[in-house]
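Everything below concerns the one structure shown next.
Throughout, read-outs are computed from the coordinates displayed, never taken from laboratory work. Everything numeric in this text was worked out from a predicted model, so none of it was measured. Neighbour counts run over all protein chains shown; Cβ positions are idealised from the backbone, glycine included.
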Amino acid sequence: MLYRTRYLALAAGVSLGAAHQARATEGYFADGYGTQSKGEAGVAYALPQDSLVIATNPAGITALGDRVDLDADFFAPQRSATITGNAYGPNQGFSGNKIKIFIIPEAGIVYQLPFNLTAGLAIYGNGGLDTNYLSNPYGRFGAKGNATVDLEQIFFSPTLAWKFAPGQSIGVSLNIADQFFRDGGLGLFSNFSESPGAFTNQGEASSAGVGVRVGYYGQFTPWLAVGASWQSVTYMGKFSGYKGLFADHGGFNIPSTYGAGVAVTPLPGLTTALDVQRIDYRSVHSVGDSFQVLFGGTPFGAQSGPGFGWKNTTSIKFGVSYSITPDWTVRGGYSYTTQAVPSNQTFLNILAPGVVQNQFTIGTTYTSQGGVLPAGLQFSAYGLYALPQTVHGENSIPSAFGGGNANIKLSEKALGVGVGYKF
């Protein structure tokens, strides 16, 4: 699970330079955006803390003043699978961790304009998908080489928000997205495709697209804020090199999302926040369509063809922060996500085991008050641990492949650091 690190780092550097200084996963979406938000399990709808709030609620930038942020995560997922009760071989376990640690950057900037307007820009990515099995779980069925999948999605989101009344704001972002995909070692499935020559081992393919995100943020009292946003489907170009794999002849749009949150400050320096978020994975055929439609006569790559069978997910996130001194803030959080992968869809999801549900985070921020360091300079860090989660298959391997079950497992750890400057 990674982004195109070199591309994103370059884009972040270019965007920040042009401005003159003026991301544990939920399925395959990032658990949050911005180091401070991630330290509180990703809460952000009603609690804007840095410019990466654009990725959750663009209206929140009106509460930030002028600032710039640059973050990096060190992300370590543990992916594995087992096959049991299969007629083509004995019970066997597999590790998908050829790449063990990913470095994931993100960046943003916010600038106040006249007429109660605020402009912003964020560059970030979804969680992505990355597995690489040196021992191919599909080898017993005739597959050769490493079984690997790599999906990376990057967003470039210019944003404009308007404070239309005291404490009340709306915002809109244009989501310009680029995505990259490659797979390997899946040749056995190409026999079930309408375009078998565009199914696997085709190298890297890319596509671009656009969507929008709109949001609302309201600070009703010094102790109560609410927020909500909706992101449309991001309509992407087709992966022509993999039109035999993905439904709709290579289609792979980015699902719509929506959510809302509330932030309460019951005591000076103590803030709590609760977010609820929905991701509509079923709105994308390649993700939400069942693998089993293959055996109803619809081949891979066809209109509404087989997919990974993911369900829509709902995430509940709770975060708390406390300002110990004007310099130091500590925070923590917990999030729960409903299971995206049904038990009868685990066979193909050996390649995409996005199954974690329970995530715990901690974090801290140091804000300079002046002196040796410039006033407004912030250094933040967070840590994440996603509990190991296994989805046990139930009649998940079709009889054409000898029956039995595939069981998939994922756990995640992450450390992130960020530098922000309020100017």
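In the stretch 318-338, whose amide N lies under 18 Å from the spot 7 Å out along Cα-to-Cβ of Gln112? List them in ranges. So the set is empty, nothing qualifies.
Across the stretch 303-311, rounded Karplus estimates of 3J(HN,Hα) from the backbone phi angles (6.51 cos²θ - 1.76 cosθ + 1.60, θ = phi - 60°) give 4, 6, x, x, x, 8, x, 6, 8 Hz, Gly and Pro being marked x.
Between Gln303 and Asp327, the C-beta separation translates, for a Förster distance of 41 Å, into a calculated FRET efficiency of about 0.10. If the chain linking Val264 and Asn395 were pulled fully straight, counting 0.36 nm for each residue of separation and taking away their Cα-Cα distance, it would gain 42.5 nm.
The distance between label points at Val276 and Leu377 comes to 4.3 nm (points 7 Å beyond Cα on the Cα→Cβ vector).
For Lys100 and Phe220, the FRET efficiency from 1/(1 + (r/R0)^6), where r spans their Cβ atoms and R0 equals 56 Å, is about 0.75.
Beyond 27 Å in Cα-Cα separation lie the following of the pairs Lys144/Lys243; Lys144/Lys311; Lys98/Lys413; Lys163/Lys413: Lys144/Lys311; Lys163/Lys413. Here the label points at Ser343 and Tyr385, each 7 Å from Cα along the C-beta direction, are separated by 2.8 nm in the simple model. Spin-label model, Phe318 to Ser240: label points 7 Å out along the Cα-to-beta-carbon direction sit 5.2 nm apart. Ranking Leu387, Ile397, Val293 by how far each Cα lies toward the positive end of the dipole of the chain (charges on Cβ) leaves Ile397 at the top. Going toward the positive end of the dipole of the chain, with +1 on Lys and Arg Cβ and -1 on Asp and Glu Cβ, which of Phe246, Phe192, Ile154 do you reach last? My answer, from the dipole projection, is Phe192.
Packing around the peptides 276-289, 165-178, 239-252, 50-63, taken as the average count of other Cβ atoms within 10 Å per residue, puts them in this order, highest first: 50-63, 239-252, 276-289, 165-178. Estimated purely from DSSP H runs of n ≥ 4, each contributing -39500 (n - 2.57), the mean residue ellipticity at 222 nm for the chain is -1500 deg cm²/dmol once divided by its residues. The gain in end-to-end length when the Val233 to Val210 segment is fully stretched comes to 7.4 nm, 0.36 nm per residue minus the alpha carbon separation. Remark: the chain carries a charge dipole of roughly 300 debye about the Cα centre, counting +1 on each Lys and Arg Cβ and -1 on each Asp and Glu Cβ.
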